[in-house]
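In what follows, a structure is listed as structure tokens, so that the remarks can point back to it.
Each value in this text was obtained by applying a stated rule to the coordinates, not by laboratory testing. Since we're looking at a predicted model, the values are computed, not measured. A quick note on method: Cβ atoms are made from the backbone with ideal geometry, for glycine too, and the neighbour counts reach across all protein chains shown.
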Amino acid sequence: MFCYQCEQTVEGKGCTKIGVCGKDEDIQSLQDTLHFGLMGVAAYAYHARQFGARDEAVDAFAHEALFKNVTNASFDLNQYLQMVLKCGEMNLKAMELLNRVHTEKFGNPTPVEVSTGTRKGPGIVVTGHDLLDLYELLKQTQGRGVNIYTHGEMLPAHGYPELRKFTHLAGNYGGAWQEQKKEFNEFNGPVLATTNCVLVPPPQTYLDRLFTAGVAGIPGATHIPNRDFTPLIEKALSLPPLIEKNGDTVSTGFHYSAVLGITDKIVDAVKRGKIKRFFLIGGCDGARPGRNYYTEFAELVPKDCVILTLACGKYRFNKMKFGAIEGIPRLIDAGQCNDAYSAIQIALALANAFKCTVNELPLSFVLSWFEQKAVAILLTLLHLGIRGMYIGPTPPAFLSPHAFGLLKDTFDLRLISSPANDLAAMRGATQAAKA
Ligand code: SF4
Ligand code: SF4
């Protein structure tokens, strides 16, 4: 454990074995889990608040959770376990709120094929998760001869009718966040970073054409307050134009409202044995080794199964052509981490259609985590009682072995091993359920 949050910390440096206050590594671990989960909740709640929406219960929980972590407030492991699950519950509320404001403002997303090439002419690439920033930029660039490209986590924007109607929303450039340094260096135009998962550019690369907005901030980049993107647009017009370049297309926009429209078809295909299983392969991507697991897993998914996906992890396989089963796409992209609510609603809708629980569905969760929104989403899934999920590529370092063991025992949480082994175990679960 490591804690230096109060004055009595060992030698004024940090408690590492046990707290002077009596706190042990399990309490510390769950305090960290609560804290990190709360960061994720804050991201969703902050985005929703940008649209003028807030949820009193979520706000109150933020105060309660931070207060709970104050020195000498609670040493009760069970209380902390309940709190981290409540964090998941509150995260569901925050995500629901964000989904509501996004769809009220921009309409319900619908499936769309998005170009990954570039058009001839000036262009701006927008990264991060802030759809309002993108919307304002699209309005301010209308008729200015500047094309706008989404990057990575901004890809789901193309699904929204009110964003897609801008004809200069030209496509999606690049993949997951860890590729930014290379991809942004190769992009001629300026880059706008709106939220988390922005990287510090290497020296002498694109810092002079990097702009930030909202919570994002990079020393040396130009920060844009109040969504007046004039300096960014002027920069785009001053730089050499992008060249026309063809690219593959990727699909997105499978909001739950779109999937609900084909639920009957899906249920029928399952009942006739045309679809054997669903795999939700979702979560963040990352730079460390071991992430190839998710690519290999997606490649191994049998042809009579459907992959639901969301967030950056999909950039490892979303350009592959998975085809369709009787018109139902085998790859259903619900969006990014900000669209986890949609993926959850799809799972709940399937459970409703089959008149069973999510745990009884032929559905396996294969999750990858990187940062704190992923922690909040995992807590939401645990709050919903979902069992037997596979997580990776590594267990969170902030969870003590005992605390992780408690979650494993309670929720049958599993660490990924090899794609073939895990896939066999998941398909075995289908056979067992049938027997
Ligand atoms: S809160 Fe407890 S564990 Fe943390 S620094 Fe203070 S005495 Fe140490
Ligand atoms: S999905 Fe995760 S890794 Fe990707 S941009 Fe969002 S928070 Fe970052």
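Pairs of Cα atoms under 8 Å, at least six residues apart: use those to get the relative contact order of region 10-106, whole percent. About 40 percent, as a whole number. About its Cα centre, region 1-53 has a charge dipole of approximately 220 debye under the convention of +1 per Lys or Arg Cβ and -1 per Asp or Glu Cβ, with nothing else charged.
About its Cα centre, the chain has a charge dipole of approximately 1180 debye under the convention of +1 per Lys or Arg Cβ and -1 per Asp or Glu Cβ, with nothing else charged. Which percent of the Cα-Cα distances in region 362-427 go past 19 Å? Across region 362-427, Cα pairs with separations above 19 Å total 28 percent. Only Cα pairs under 8 Å and 6+ residues apart enter the sum, and on that basis the relative contact order of the chain stands at 18 percent.
Per-residue ellipticity at 222 nm from helix content only, as computed over the chain with -39500 (n - 2.57) for each DSSP H run of at least four residues, stands at -12500 deg cm²/dmol. Between CYS356 and ARG227, the simple label model (points 7 Å from Cα in the Cβ direction) yields a spacing of 4.5 nm. Just so you know, the Cα atoms of region 256-434 work out to an Rg and Dmax of 15.3, 47 Å.
Here LYS245 is the anchor, and the lysines within straight C-alpha reach of less than 18 Å, apart from those fewer than 8 places off in the same chain, are LYS120, LYS182, LYS319.
In region 256-434, what percentage of the DSSP-assigned beta bridges are antiparallel, given to the nearest 5? Given both bridge residues lie in region 256-434, the antiparallel proportion sits at roughly 10 percent. Dimensions of the chain along the principal axes, based on C-alpha atoms and rounded to the nearest Å, stand at 64, 62, 40, largest first. Taking other residues whose beta carbon is less than 15 angstrom from the beta carbon of SER400, and scoring Lys, Arg as +1 and Asp, Glu as -1, yields -2. For ASP208 and ALA287, a Förster radius of 30 Å and the Cβ-Cβ distance give a FRET efficiency of 0.75, rounded to the nearest 0.05. Can you tell me the length gained on complete extension of the stretch ASP409 to ARG387, counting 0.36 nm per residue apart and subtracting the Cα distance? Full-extension gain reported as 6.9 nm.
Measuring how big region 185-253 is from its alpha-carbon positions, Rg and Dmax come out at 13.4, 37 Å. Ranking MET83, MET95, LEU66 by Cα position along the charge dipole of region 10-106, where only Lys, Arg, Asp and Glu carry charges on their C-beta atoms, puts MET95 farthest toward the positive end.
Taking the chain as a Gaussian network of alpha-carbon nodes connected by springs under 10 Å, the highest mean-square fluctuation of the residues ALA221, ALA45, ALA298 belongs to ALA221. For the chain, modelled as a GNM whose springs connect Cα atoms under 10 angstrom apart, the maximal fluctuation among CYS284, CYS197, CYS21 occurs at CYS21. Each label was represented as a point 7 Å from its Cα along the Cα-to-Cβ direction; for THR167 and ASP59 these points are 4.4 nm apart. Take every Cα-Cα pair in region 10-106 and report what % of them are more than 19 Å apart. Of all Cα-Cα distances in region 10-106, 47 percent exceed 19 Å. Shown for VAL191, VAL84: other C-beta atoms within 10 Å of each C-beta, ranked fewest to most, produce the order VAL84, VAL191. Among MET95, MET320, MET1, the ranking by other beta carbons within 10 Å of each residue's beta carbon, starting with the fewest, stands as MET320, MET1, MET95. Restricting region 8-45 to trypsin sites (Lys or Arg not before Pro) that sit in a DSSP loop and have at most 11 other Cβ atoms within 10 Å of their own Cβ leaves LYS13, LYS17. Across region 112-238, Cα pairs under 8 Å and at least six residues apart give a relative contact order of 28 percent. Using all C-alpha to C-alpha distances in region 112-238, build P(r) with 10 Å bins and read off the rounded percent in each one. Values per bin, smallest distances first: 14, 52, 32, 2. Secondary structure note: in the chain, about 20% of the DSSP beta bridges are antiparallel. The alpha-carbon of LYS265 sits under 24 angstrom from the alpha-carbons of these lysines, leaving out residues fewer than 8 places away in its chain: LYS274, LYS276, LYS303, LYS321, LYS355, LYS434.
Remark: ILE266, ILE328 ranked as ILE328, ILE266, counting other beta-carbon atoms within 10 Å and listing the fewest first.
Taking the centroid of alpha carbons for each part, region 359-435 and region 255-333 are 17 Å apart.
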